[in-house]
Each structure stands twice: as structure tokens, then as C-alpha cells.
1. Hey, with R₀ at 45 Å, roughly what FRET efficiency would residue 322 and residue 127 work out to, going by the Cβ-Cβ distance, to 0.05?
2. Kirkwood Rh over alpha-carbon pairs of the stretch 127-236, then Stokes-Einstein at 10 °C and 1.306 mPa s: what D in µm² s⁻¹, rounded to an integer?
3. Give me D for the stretch 267-337 in µm² s⁻¹, whole number, from Stokes-Einstein with Rh from the Kirkwood sum over alpha-carbon pairs, 20 °C and 1.002 mPa s.
4. Diagonalise the Cα gyration tensor of the stretch 1-84 and give the resulting equivalent ellipsoid semi-axes, square root of 5 times each eigenvalue, largest first, whole Å.
5. Sticking to Cα atoms, compute the Rg of the stretch 123-172 to one decimal and its Dmax as the biggest Cα-Cα distance, whole number, in Å.
6. Can you list the chymotrypsin sites (Phe, Trp or Tyr not before Pro) in the stretch 179-255 that are in a DSSP coil and have 11 or fewer other beta carbons within 10 angstrom?
7. Among 217, 203, 228, determine the one that fluctuates most according to a GNM of the chain built with springs between C-alpha atoms less than 10 Å apart.
8. Can you compute the radius of gyration and Dmax for the stretch 85-160, using only the Cα atoms, both in Å?
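Values quoted throughout were computed directly from the atomic coordinates according to the rules given, and no laboratory measurement underlies them. The structure presented is a predicted model; accordingly, all values stated were derived computationally and were not measured. Backbone-built Cβ (ideal geometry, glycine too); neighbour counts: all protein chains shown.
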Amino acid sequence: MSFKIDATLPPVFLNSVPAYAMAAEDIGFDGLWTTETQHDPFLPGALIAEHTGRMQFGTAVAIGFARSPATLAYTAWDLAQASGGRFILGLGTQVRAHIERRFGMTWPASPVNKLREQIGAIRAFWHAWQSGERLNFRGEYYKLTLMTPFFNPGPCQYPDIPIYIAGVNTGLARLAGEAADGFHVHPLNSARYLREVIIPAIAEGARKAGRERDAVAVSVSAFVVTNAQEDAFTRQQIAFYASTPSYRRVFALHGWEDVAERLSEHAARGRWGEMSDLISDEILHSFAVVAAPAEVPHTLSERYHGLADRLTLYIPYTPGERDDFWRRVIEALKAET
């Protein structure tokens, strides 16, 4: 099995993106992901496309429910053309509080159904532009029937744009199997959760749609701990993610639902500094690769063999910081697989 080894762009301003992108491609990464945290996830894509020539790139993720299918379709179409077909559109739903209180949008009655419809609507735009056929998409959430020549960008040389979706629970994993080209696994993952929950759900969705499971690339973000500083940081991140009630199933699989409930209580009371104390060594080792730097590639390969197609270390890549470590990881992982 061969992994693609990807990196995450840190939340930097646009003037820093070209240097980061060129360095990431030079060091050997197969892909570079942008995130929707402190900056727009799409704007860096134009700079990545311009300043690299081999590496794929995409969003991991852009928040689908904060945008219309039309805006997503136009942006992805342009980035695919500009990059020679290297762009991957990664979409996530976010959670209700952020959609309503950060983006000012309406939370749908069924997030899975709306995302399914959004994927279909985006592809309807692409099909209309590529084929010249009439735009005619009708669903519960979207009715899209207007596309005049003035607003039609016309055919693209690279129309087969992959769509990845992200999720934690089985509903979105099944949807990935049914309708997407890839699945971004949430960083709060264990090998057991992937093997027993996520992969079977993707396979179930694929069967429902008459597809093969292998049609869906599984992209895993992995926590890696090689020193005390990373240990403390990772415990904090695991605690933060596990405090989200909708992510509780991950902990419940391992018998740690009571820990997740306590983390949620701490978060509700703003007791952020105490939360990482609840992450035991057993929990840490289940959700993170804990190893000496030289052992990281083998340990990653051993843990995710047969479970992942793409691997991204959770720590963003910064040029000039631990370049030798990144090179060894990339080279060793590719040699092992």
C-alpha cells in the first residue's frame, strides 16, 4: 500500500503562502491542505497553483454550509483550471453553533441530506458548464435552474474535480461512500475507530450507490508526539475535540464516555486549563503516534496500513522548522509503502 504524504498550511497571511507552498513541494509532500480557521481557505489556492507545479492542494476543509453551491462551484472550477487539475474541493459541515453564531446561516434539519444535495448541486453546475446542457437541479434545499451565457464560464480542461467531505460520525462517512471522492477523517481518530466504524460506514455508503469502497480516498490527519512540548499540546487538542458532544462516540467506543462527559462539563464552565489533565497516557497513545523521531514513519505506517490512502501530520508544516525531520518522514514512509 502506498500513502500520499500531505502537509497542512498554517494559518498565515497570503503574502507568506508562496514561500510555504514552494518549500512544501520541494521537500516532497504530495499535497498541501488549507483550513478554514483564521483565514479564507480558498484564496491561498490561487497562490499555491501559481507557485507549484506538481503538488496537489485543496481545502481541509471549507465550510460548505457557509456558502452556496454556486460560489463553491465557481471557485473550484477556477482553481482546477489554474492548477492544471491539481485542486481538491474538501467540504465540511461544522457544528450548529458555528453555522448559526459565527457564519449567521441556518442549520439544516438534516446536515447529511443538505451536504448530499450540495455536492449534487455543485456537480450540476460543473456538468452544465462542461456540456452546455441546461442547469436543472431540484432538491429540498436548492432549486437551481438559471444559467445564462453571461454567467457561464464554459468548459474547463480539468472538469473532474475531486470532492472530499469531512466528518466524525457514520452519517457523513456513509455519505462519502455514496457521493464523494474522498473522506477527511477528523484528527480525533484511533486505528480502532477507523477500522470498526469509519471504514465500514464508507463501504456501506459505497455499496448503496453501487460503487467500490476503493473509489473513496481516506485522508487521515494524525497526531504525532515526539517530545514533551508535543505531548502537552496533543493532550490539549484531544481534550478540546473530545469535549464536543457530537464527537462523543469516538471516546465511547473505547469505554471513555465518562471522560468525554467531564470534558464537556469543563468546557461549559470555561475550565480549559484543567481539561488536558483528563487525557491519560492510554488515551494519548490511542489517538496519537507517540514515538522517537526516527521511529515515527514506521509507527505511522504500522498504525494506518490498510486504513488510510493519504496521511497528514496534525502539526502544520513551516519551512525551516524541523526540515530534516519532515524529509526523513516523507522518504521513510514512501520507502516502506
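1. 0.55
2. Roughly 95 µm²/s, to the nearest whole number.
3. Stokes-Einstein gives a translational diffusion coefficient of 149 µm²/s.
4. Here the semi-axes work out to 20, 14, 13 Å.
5. 13.8, 41
6. none
7. Checking each option, the largest mean-square fluctuation is seen for 228.
8. Both quantities, over Cα of the stretch 85-160: 14.6, 40 Å.
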